[in-house]
Amino acid sequence: MRTLKDINIDGKRVFIRCDFNVPKDEFGNITDDRRIRAALPTIRYCIDRDCKIILASHYERPEPGKYEEKYSLKAVAKRLHTLLKIKNELYMAEDVVGPDAQEKAAKMQGGDILLLENLRFEAGETDNDEAFAKKLAAFADIYVNDAFGACHRKHASIYAIAQQFDKDHKAAGFLMSKEVNFFGKVLEDPVRPFIAVVGGSKVSGKLQALTNLLNKVDKVIVGGGMAFTFLKAQGYEIGNSLVEDDLMDEARDIMEKAHDLGVKFYLPVDFVVAPEFSENTAVKYMPSQEIPLNWMGLDTGPASSRLFREVLNDAQTIIWNGPMGVYEMDKFSKGSIMMSHHIAETHATTIVGGGDTADVAARAGDVDEMTFVSTGGGASLKLIEGVKLPGLEALEN
Ligand code: AMP
């Protein structure tokens, strides 16, 4: 993959597609700025080369084509300014490709930065509209895609815009190349034993990833809500736990395929169960075979945590995607927190993918112990599925 080091950008106008879709609290304060920090190496590299830097990102899901204050990138501009500590100008445009953005772009000097407003304030963004992409492209001589977290979407600032630049005028940013190289290397040539830990709510969201991983890993641990579909497929009573009855056959196929390939397949052996989905409910710790009727499993239990620690003990490479339980509620967060600790304690190369999973690792205080925490949930899952990301494809064409 060509990065911006492979092309000449000195003194040029550079458009960098970033992923500044960071979480904010109800007062509009940024609560986790990892995605902004992750974009800094690319931005600093361009500042050092005296480029005029146009930054663009989406933010959440406003109604396309409509400005709404709560989806503005103004807070991001402020945080960027604090993090970059630059003397140059950092302009915040009031619009995306409108008169204010044009006016500010025109007065930029080398090293200045212009952050455009939320790309999704323009309907053309999600429609991958060529006319809108051309307006974006007109800001710059060079296109850089550093928005790994948005790369699985065929949107104008990811896909159509890249068609406007030839191969000497477009490249991946440093974050993008780091993400793709990490996943690429681990999936192509992992140091073994290679273990996948997969959790989260549903089998449907991770079916393809699980199927693809089976061809590569030595062991799989399945936790979270998706475990119940596998347990039910084995004939166990799972009470009111989350289940996808229509995926029972697929669950059986996966377990059969794991068996045929010699991949060790692990499910939780106990659960924290509750009569209702609530923080204030009573809970019991029950073996997987004894989930009471009308109760639901909301976290993996202590025996599972010990089992999983044993399973992970000899790992040399671990990919983790998806929490082990409803970690958002303290009562049901232990299984996920313990999983994070166990993974962090191994001597393996550890890759954490997915927003929820990164959140668990952060709550557990383990982020610094992980080899790599991906900034892109959906995009990293697509890489694990073996799907070519539209954003990468557009850079190569
Ligand atoms: P996903 O988006 O598929 O990765 O799923 C993440 C979500 O799964 C989190 O919000 C968890 O609360 C939820 N989850 C994990 N375990 C369970 C469970 N046993 N029952 C219901 N939801 C769960």
Farthest towards the positive end of the dipole of region 4-178, among Leu119, Ile30, Tyr45 and with Cβ unit charges of +1 on Lys and Arg and -1 on Asp and Glu, lies the Cα of Tyr45
Restricting attention to the chain, give the cysteines that have no other cysteine Cβ less than 4.7 angstrom from their Cβ. Cys18, Cys151
What list of ³J(HN,Hα) couplings, whole Hz, do you get for region 173-179 from phi and the Karplus terms 6.51, -1.76, 1.60, once you set θ to phi - 60° and write x for glycine and proline? x, 5, 5, 4, 5, 5, 4
Spin-label pair Asp189/Gln208, simplified geometry with 7 Å Cα→Cβ offset, distance in nm: 2.7
Convert each backbone phi in region 149-161 into a coupling constant with the Karplus relation 6.51 cos²θ - 1.76 cosθ + 1.60 (shift: θ = phi - 60°), then list the ³J(HN,Hα) values in order as whole Hz, x for Gly and Pro. x, 10, 6, 8, 10, 8, 10, 4, 7, 9, 10, 4, 4
How many Å³ per residue does the convex hull of the Cα positions in region 331-397 occupy? 98
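With charges only on Cβ, +1 for K and R and -1 for D and E, what is the dipole size of the chain about its Cα centre, in debye, rounded to 20?
Values: 48 positive and 60 negative charges, 210 e Å.
Using Cβ point charges on Lys, Arg, Asp and Glu, the chain gives about 1000 debye.
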Going by amide H atoms built from the backbone, whose H comes under 5 Å of the H on Val197, apart from near neighbours? Ile221, Ile319, Trp320, Asn321
Using modelled backbone amide H atoms (1.01 Å from N, in-plane), which distant-in-sequence or interchain residues come within less than 5 Å of Tyr91's amide H? Ile113, Leu114, Leu115
Taking region 199-313 as the region of interest, what is the percent of Cα-Cα pairs per 5 angstrom bin, listed from the shortest bin to the one with the maximum distance? 2, 13, 22, 23, 20, 12, 5, 2, 0
Looking only at Cα atoms, what is the convex hull volume of region 4-178 per residue, in Å³? 101
Using a Gaussian network for the chain with springs between C-alpha atoms less than 10 Å apart, which of these wobbles most: Asp245, Asp129, Asp112? Asp245
Which order do the peptides 362-372, 9-19 take when ranked by the mean count of other beta-carbon atoms within 10 Å per residue, highest first? 9-19, 362-372
Lysine pair number, Cα distance threshold 19 Å (strictly under), region 40-89, separation 8 or more or different chains: 8
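Can you give the percent of C-alpha pairs in the chain whose distance is more than 39 Å?
Numbers: 19502 of 78606 pairs.
Percent of Cα pairs beyond 39 Å in the chain: 25.
Extension gain Glu26-Ala282, at 0.36 nm per residue separation less the Cα-Cα distance, in nm?
Stretched fully, the Glu26-Ala282 segment lengthens by 89.2 nm.
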Calculate one ³J(HN,Hα) per residue across region 12-20 by plugging θ = phi - 60° into the Karplus curve 6.51 cos²θ - 1.76 cosθ + 1.60, and present them in order as whole Hz with x for glycine and proline. 8, 8, 10, 9, 10, 7, 10, 10, 9
Spatially proximal aspartates and glutamates relative to Lys154 (Cα-Cα < 14 Å; intrachain offsets below 8 disregarded): Glu125, Asp127, Asp129, Glu130, Glu393
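Values in this text are rule-based calculations from the coordinates and carry no lab data. All figures in this text were calculated on a predicted structure; none of them were measured in a lab. No Cβ is skipped: glycine too gets one built from the backbone with ideal geometry, and neighbour counts run over all protein chains shown.
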